[in-house]
Each structure stands twice: as structure tokens, then as C-alpha cells.
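Asks: Once you've had a glance at the structure underneath, I'll fire off some questions.
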Amino acid sequence: GDVVLHNDPYRGGAHIPEHSVIRPVFHEGELFGFVANVGHLAEIGGKAVGSFAADATEVFQEGLRIPPVKIVKRDVNDMELWRLIMANHRTPRNTWGDLNAQIGSLRVAERRVIELLDRHGRAFVEQAADELMDYSERWMRAEITAIPDGVYEFTERMEDDGVLDRPVTFHVTVTVRGDEMIVDWTGTDPQVRGPINATYGVTAGATYNAVFHLTDMHIPKNSGAYRPIRIIAPPGSAVNVVYPGPSVGGNTETHPKLADMVVAALAPALPDRVAAAEGGTACNFLFGGVHPKTGDYYANYHLEGGGWGAKSYDDGNDAIIVKNGNCRNTPVEIFETRYPLRTIKYELIPDSGGAGKQRGGLGTRRIMRVTEGAEITANALLDRTKPGFGAWGIEGGGIGGRAAIRVKRVGDTEFRTFSEVYGTRSPSKFTNVILKGGDEVLIDSPGGGGYGDAAERDRAQVERDLFEGFVTPERARELYGWEGR
């Protein structure tokens, strides 16, 4: 009946908004195991609305950090702990509902496990679990054996960390030896002052994510599949942050790039299986305030989907969240009903997919206007906005279009960067900017990289892109040698 809660990024967690709930399962008086889940709470306090402080320099600015504690004891809520948590969150009703939903799912999982044990017996279930993990291990080892032995490397950069205006370098060396793989992140920069550091859990997740993309998709995902993969992530580096370094952007900005790096490193060995880089940023835009119609405090975590990288056999997908995400597009009608923002424009961006024999996926453009009488506090954390940081192509493919976030204040005639208007240190990572009625925000998500030589693209595909408006005539002539009018 106990439930343990924690969101500590230094105790095996991801970034601090991710809250784990864990419940023991007893069968016939003996502990059998645990059921658990992880959920991202949209608002957990800290210096920034939505708890995504893009200029945080320590974990304490990122939200309320909770070590493993019992939030439920023998199926009774510890209300003193609940009150402490909700007093530190800007939207406590959401916290109450979300955490209770997570806890409720554990009760369902516990019931299902006990039903399984009653039906088949503990010895059989444990044997089946062991055999399933061994089965996954054998399958993964067979997949790794099929990759040519060798040492493969790749280097990637992020444009800045949100605090210092200088790039951050990540490096990976993938060693394939027989049926084992070593993924070594040595050579990555030391952990940075800003919040784009990754916890070890994020780096491990990104590594496994990449390997699962390159191997048979039907391998059961369990610890057996991880056994042949060894991960080296030096503590104190940007891929294994240590206390009290910030890390809230590690999930959304760093994870997808790390996964793409492992894919790119193995491109020489698996040219037909890999894809070019995806947009690689969740385009985090978080905002909140007191709603002018209800008088209630609200907070929202808004993300944008970008273009995915082209494959050897197909174009990249358009407007999809980063590959470690599971977030769908919020319908404009729902968005506008709940928040004092109006969507003025939402469209795919022509020419944003990297050119190639297979074209990168397209990014999106969204323009939102603050409603009259409203005042919004906004934060953002994006990457790939500066020249030279677009999603890279493979086998001669082109670079994807860049991301952007800009603002047009009332009375202005054009969109400008937040650095120009508000003096933020980074044009794409900032905290606690005040927007008022009539102000507009433009968010461009990046496109994916292309695959192969653009001169080899099938003419019918070029014509289709022109017809759909995915590529402009000018770029079709320049990139693909199109000769039409």
C-alpha cells in the first residue's frame, strides 16, 4: 500500500519535471516486485513558469526537488507531504490530479500483476520474465553481430547553454566488437552552467533509443536488450551532470541530439538503416499567468514538432515531436479555449527540409497573439536557431532549415529576436519575459536533414513537392535542377 515518489535528477531520474511513482507488489505475503511509472508534471515551481528555466545555473532554480519519499503509506495519502508539494507548485489542482492519476495507475498495475501470479504462480511468472529478458539479449546480440566490427565516431554541437553564448560540444565513440557495443561519450565538454546538461539516465536512454532505431523493431524492450550495450558517460560532463548542475533541457534538447549522434556514428556501417538528423529541439515555449476571464492561475507547456531526417528509402516526416517524445499536436480550438492566446498562423515551412535524393521533413511556423487585457509570463528553450547549427544531412544530403522564436510588440512592424527586444542573453533560451495584449510570438521549428545527392532526386518527387508547396520553384531550380516555369 505504500507509494514512493521522487523526481531527483541525480538519483537515476531524467529532468526534474519527471516524477516517478513506485509501488511494491506483495503476493501471498511476500514481496514480488514493483510497479512504477514516470510522468512529466507541467508546473513544479522554481524561478520560471512551467518550471523550464532556460537560464538556470543550479537545480534549485528548476523546481521543487523531491528525494524518494512515501507520499502514500498503507494506501493513505500523507497529506502533510501533499500540502508541502502543492504549496510550491503554481497550479496545485493540476498537480493533485496528475499525481493521483499516476498513483491510480499503479493500483491497476498491482491488481493485474497479482491476477497473473494467481493464474500462473510465482515460479512460472519469474521464469517467463527471465526467459523473455534472455530472449531479448540473444536477439540484440545477433543484431549487433551483424554490424561490421569497428570504431565509429561523431561530434555534434549545441549553439549555447542558455547562460553563456558559446557552443557546447558532444562527442561519441561507438565500438562494435562481436556481439557487444561500447558507446563512450568521453570527449564531451564538461557540464555547462546552463540547463542543457543531461543526466546519466537521459544519456543512457538516448543511447538505447538510437540502437533500437537501428536494430529490429520487434525486439522486446527490457533489460535483456540493454545487456550487450555498455555506456561510458564521465561524471561532471554535459552527458552526466553532477549536483547541483541544472538539467531541465537535457531531455528535450540534448537527448534527441545524442540519439542522432549514435545513428550518425554508425552510418558508415549501416548506410541503408540510418537517417539524417532530425530537428532536434522540442521548441519549448512555456507561459502562464492569471487568466483574465477566470481569475485563476494557469501554466502551459507548449511544444512544436519539427522535421525528421530523411532515410535512404524515403523522405523525412513533417512536424513530428523529437524522437524521445510522445506528445501530439494540441488542437488550436482547445489551446485557444484554455489560454489567452490566439493562433494567427500555423503552417509547414516551404524549403525547410534538407535537400537530397530523399528530402528532410518540414518544420512548422506558428504565430500567436496575446488577447486584449491579458498579461503573460513566457519562457523558451530552443536550439538550432543560429547559422551552422541546422540538422545535418547524410551521404551528401543538405542541412535542414533553422528554428526561430521572435516577438512583435504592439506598434512594431516586424518580428525581432527576444535578445533585440528584451536583451536576453540567448535569442532562443530565456526566462520570465512579459507579453501583453496584442503582442505576437512567432515560433519556427527546424527541418530535418536530407539523404543523398539532391541531383539524384526523382523528378516526379520534385514535381509533387512543388504541387504541394513543400518546395518553392526557386529552390527547386537551385537544388534539384528543375527546369519548369
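Asks: Check off (1) within 11 Å of the chain's Cα centre (by Cα); (2) of a type outside the set (A, V, I, L, M); (3) open to solvent by 20 Å² or more (accessible area, probe 1.4 Å) for Lys257 and give me the number that stays unchecked.
Replies: (3)
Asks: With the condition being open to solvent by 20 Å² or more (accessible area, probe 1.4 Å) and within 21 Å of Lys311 (Cβ to Cβ), I'd like the helices (runs of 4 or more DSSP H) fully within segment 401-485 carrying at least 3 qualifying residues.
Replies: Values: elements: 418-422, 459-468, 473-480.
The qualifying helices (runs of 4 or more DSSP H) are 459-468.
Asks: I've got another one for you. Every residue in segment 304-355 that is of a type in the set (Val, Ile, Thr) and under 19 Å from Ala275 (Cβ atoms), please.
Replies: If the condition is that a residue be of a type in the set (Val, Ile, Thr) and under 19 Å from Ala275 (Cβ atoms), then Ile320, Ile321, Val322 are the ones that fit.
Asks: Residue by residue through segment 291-323, note down the ones that are free of Cβ contacts under 8 Å to residues at least 40 places away in the same chain and open to solvent by 40 Å² or more (accessible area, probe 1.4 Å). Spell out the reasoning first.
Replies: If we filter segment 291-323 for residues that are free of Cβ contacts under 8 Å to residues at least 40 places away in the same chain, which is where we start, we get 294-296, 302, 321.
Hits for segment 291-323 are Thr294, Gly295, Asp296.
Asks: Counting only residues that are closer than 13 Å to Trp185 by Cβ and not polar (S, T, N, Q), how many does segment 230-249 have?
Replies: Of the residues in segment 230-249, the ones closer than 13 Å to Trp185 by Cβ are 230-241.
From what's left, not polar (S, T, N, Q): 230-236, 238-239, 241.
Final tally of qualifying residues: 10.
Asks: List the residue pairs whose Cβ atoms are under 6 Å apart, where the first residue sits in segment 330-343 and is open to solvent by less than 80 Å² (accessible area, probe 1.4 Å), the second is part of a helix (DSSP H, G or I) and among the hydrophobic types (A, V, I, L, M, F, W, C), and the two are 6 or more positions apart or on different chains.
Replies: Thr343/Val332
Asks: In this structure, does Ala48 turn out to be open to solvent by 50 Å² or more (accessible area, probe 1.4 Å), among the small types (Gly, Ala, Ser) and modelled with pLDDT of 95 or more? Quick ask: steps written out before the conclusion?
Replies: Numbers: open to solvent by 50 Å² or more (accessible area, probe 1.4 Å): no; among the small types (Gly, Ala, Ser): yes; modelled with pLDDT of 95 or more: yes.
It is false that Ala48 is open to solvent by 50 Å² or more (accessible area, probe 1.4 Å), among the small types (Gly, Ala, Ser) and modelled with pLDDT of 95 or more.
Asks: Exactly one condition in (1) farther than 24 Å from Asp314 by Cβ; (2) at pLDDT below 95; (3) not polar (S, T, N, Q) is false for Leu435; which is it?
Replies: Of (1) farther than 24 Å from Asp314 by Cβ; (2) at pLDDT below 95; (3) not polar (S, T, N, Q), only one is false for Leu435: (2).
Asks: Counting just the residues of segment 102-141 that are crowded, with 16+ Cβ neighbours inside 10 Å and among the acidic types (Asp, Glu), which one comes out farthest from Glu28 (Cα to Cα)?
Replies: Across segment 102-141, the extreme among qualifying residues is Glu137.
Asks: For segment 142-177, how many residues are in a helix (DSSP H, G or I), surrounded by fewer than 18 Cβ atoms within 10 Å (Cβ to Cβ) and touching a Pro at 6+ places or on another chain (Cβ under 6 Å)?
Replies: 0
Yes or no, residue by residue, for (1) at pLDDT below 95; (2) touching a helix residue (DSSP H, G or I) at 6+ places or on another chain (Cβ under 8 Å); (3) under 25 Å from Gly452 (Cα atoms):
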position	(1), (2), (3)
Arg342	no, yes, no
Ile349	no, no, yes
Ser352	no, no, yes
Gly356	no, yes, yes
Gly361	no, no, yes
Ala374	yes, no, no
Gly388	yes, no, yes
Arg402	no, no, yes
Arg409	no, yes, no
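Asks: So, one more: Of all residues in segment 68-93, which are touching a residue at least 60 places away in the same chain (Cβ under 8 Å) and either crowded, with 17+ Cβ neighbours inside 10 Å or of a type in the set (Gly, Ala, Ser) (or both)?
Replies: Correct list: Ile71, Val72, Arg90, Thr91.
Asks: Quick check on my filter: what residues within segment 398-414 are in contact (Cβ under 8 Å) with a residue 40 or more places away in the chain and either among the hydrophobic types (A, V, I, L, M, F, W, C) or over 28 Å from Ala277 (Cβ atoms) (or both)? Walk me through it before giving the result.
Replies: First, pick out the residues of segment 398-414 that are in contact (Cβ under 8 Å) with a residue 40 or more places away in the chain: 398-405.
Within segment 398-414, Ile399, Ala403, Ala404, Ile405 qualify.
The values are calculated or read from the model by the stated rules, or taken from the named source; none is laboratory data. For clarity, every value in this text was computed on a predicted model and none was experimentally measured. Please note: Cβ atoms are built from the backbone with ideal geometry, for glycine as well, and neighbour counts cover all protein chains shown. What goes into the accessible areas is simple: the full protein's heavy atoms, side chains included, and nothing from ligands, DNA or RNA. Shrake-Rupley method; radii C 1.70, N 1.55, O 1.52, S 1.80 Å.
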